[in-house]
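Participant: Below you will find the structure I want to go over with you.
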Amino acid sequence: MATINDYLDYNGNRTFDEFAFNEADILCLNELGYFCFEELDKSIDFSKMVNLHEVLLPYVTGEKEFSHSFLVTADRIRLLQKVVASRRFEGLCLSNYINDVDSEFERQFSAMVFSIPGINHHQLVFRGTDDTMIGWKEDFKMTYVQEIPAHRAAVAYLERYLEEHSGKVTVSGHSKGGNLALYAVSHVSDCVRQQIEKVYMLDAPGLQEAGLKEPGYLAIRDRVCVIRPEESIVGVMLYNDIKPIVVKSQASGIMQHALTTWQFDEKTGQFILAEGQTDLSQNLEKTFKQWTDELSSQELKMLFDTLFDTLMSSGIHSINDVTIDRKFATKLAKSIASFYSVGTEKKMLLAKSAKLFVEAFVGHSKLGNFGKDSIPFSLPDFNSLLANLNNRKSK
């Protein structure tokens, strides 16, 4: 079961003349978008054109070491090292880098452009959600608002780059980054949209249902490629009318979200396809639709404000805080308990959602060490809520 790293092991020393640029290479570049380059070398202005081989070679030779984090995983570090050390990507450059996290405006936004001058490839990458609670809160805002702050930033960034760059551009993003990519290409002016060659949404949420009918989206739709793992969780949020490419993964549950677990034919770079989405993924997709159909915008806002504001006020400001905080479960239970001012039917939906999310996360994360039967906080009893609701309806 080969991954993107195995693909680079096999093809890293083959130039693009020897083996043509393909979608596996596009995914390699997209994954590099998760590195905070300003932290790798504080002396360099990455908004200008920089050759990554020259800058990052010390991280391959061992002169410098990476600091692991929620974003900088061991698999991503291996991938970056293989890219930097390869003949294939020796001309790879980075430019137009921006990383902006603003707690006041609840905005987490990062974007950059990877260029391979030898083949005239320019790939604009929108970074997915980072480890900040602000970033995750902004993600869930997409279920109840038409436009989040990062959307506005993405449109402005893409429009500015296309105006400055006259050639063809590929736009990509994983997770929230894929949603930003789709939203941005749908909202730039018509005169620059023609420069966009292809858009890649990698296990990314879709759009609000109304967004699928807008002229900008319809103008770009045939250039959009949607790729998901078979147990997609993030990628089934919101609405999508493009048939996805469903790929196999070495992992299960939420860990399939990591692109470095997706399976490839290491020789050809082609995906190993799955038969379709798993039952869990399909059930979550239905649940997300229920959220938007049965909960009002005000109720969804209350739900996510309560969850994230409680966590942040408890001292949890990033995913890294979650993994090191032994009292996280207690704080999470406090957040869940405060949701119960909603009616019984809404409670039932929240209970059902909680069960599905626990099934997706427990056993596939650091919190999974507890096991499904020993989670140190109590979830709502979905069956009891259902029985109570039926009793009320029968009276």
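Participant: Working out 0.36 nm times the residue gap between Asp293 and Arg78, then minus their Cα-Cα distance, what length gain in nm do you get to one decimal?
Facilitator: Details: separation 215, 0.36 × 215 = 77.40 nm, distance 4.24 nm.
In short, 73.2 nm is gained.
Participant: Highest mean first, how do 179-185, 1-7, 276-282 rank when packing is the count of other Cβ atoms within 10 Å averaged over residues?
Facilitator: 179-185, 1-7, 276-282
Participant: Which entries in the list Lys48/Lys198; Lys137/Lys248; Lys243/Lys286; Lys48/Lys82; Lys82/Lys176; Lys176/Lys301 go over 20 Å, if you measure between the two C-alpha atoms of each? Kindly include the intermediate steps, with their values, before the conclusion.
Facilitator: On the way: Lys48/Lys198 24 Å; Lys137/Lys248 29 Å; Lys243/Lys286 16 Å; Lys48/Lys82 23 Å; Lys82/Lys176 26 Å; Lys176/Lys301 18 Å.
Pairs exceeding the cut-off: Lys48/Lys198; Lys137/Lys248; Lys48/Lys82; Lys82/Lys176.
Participant: In nanometres, what is the gap between the two model label sites at Asp9 and Glu163, each 7 Å from Cα along Cα-to-Cβ?
Facilitator: About 4.7 nm separates the two model spin labels.
Participant: Next question. With a ≥ b ≥ c taken as the square roots of the eigenvalues of the C-alpha gyration tensor of region 233-290, please select rounded if a/c is under 1.5 and otherwise prolate if a/b is larger than b/c or oblate if it is not?
Facilitator: Values: a/c = 2.50, a/b = 1.81, b/c = 1.38.
Cα axes put region 233-290 in the prolate bin.
Participant: In region 16-114, which GluC sites (Glu not before Pro) are in a loop and have at most 14 other Cβ atoms within 10 Å, using DSSP for the loop call? It would help to have the intermediate numbers written out before the result.
Facilitator: Working: sites: Glu18, Glu23, Glu31, Glu38, Glu39, Glu54, Glu63, Glu65, Glu90, Glu104, Glu106; in loops: Glu18, Glu63, Glu65, Glu90, Glu104, Glu106.
Listed in order of number, the matching sites are Glu18, Glu63, Glu65, Glu104.
Participant: Among Gly276, Ser252, Phe264, flag the residue with its Cα farthest along the positive direction of the charge dipole of region 240-310, charges on Cβ as +1 for Lys/Arg and -1 for Asp/Glu.
Facilitator: Farthest towards the positive end: Phe264.
Participant: Now a separate question. Pull up all non-local amide H partners of Asp100: gap of 5 or more, or a different chain, and H-to-H distance under 5 Å with H placed in the peptide plane.
Facilitator: Phe109, Ser110
Participant: Now a separate question. Which of the peptides 117-123, 258-264 is most tightly packed, and how do the rest follow, judged by the mean count of other Cβ atoms within 10 Å per residue?
Facilitator: Values: 117-123: 15.7, 258-264: 21.7.
Highest mean packing first, the order is 258-264, 117-123.
Participant: I want to check the label-to-label distance for Cys36 and Ile119. Put each point 7 Å from Cα in the C-beta direction and report it in nm to one decimal.
Facilitator: Placing both labels 7 Å along Cα→Cβ, they lie 3.1 nm apart.
Readers should treat all values here as calculations from the given coordinates under stated rules, not as data from a laboratory. These figures come from a predicted structure and were not determined experimentally. As a convention, Cβ positions derive from the backbone with ideal geometry for all residues, glycine included, and neighbour counts pool all protein chains shown.
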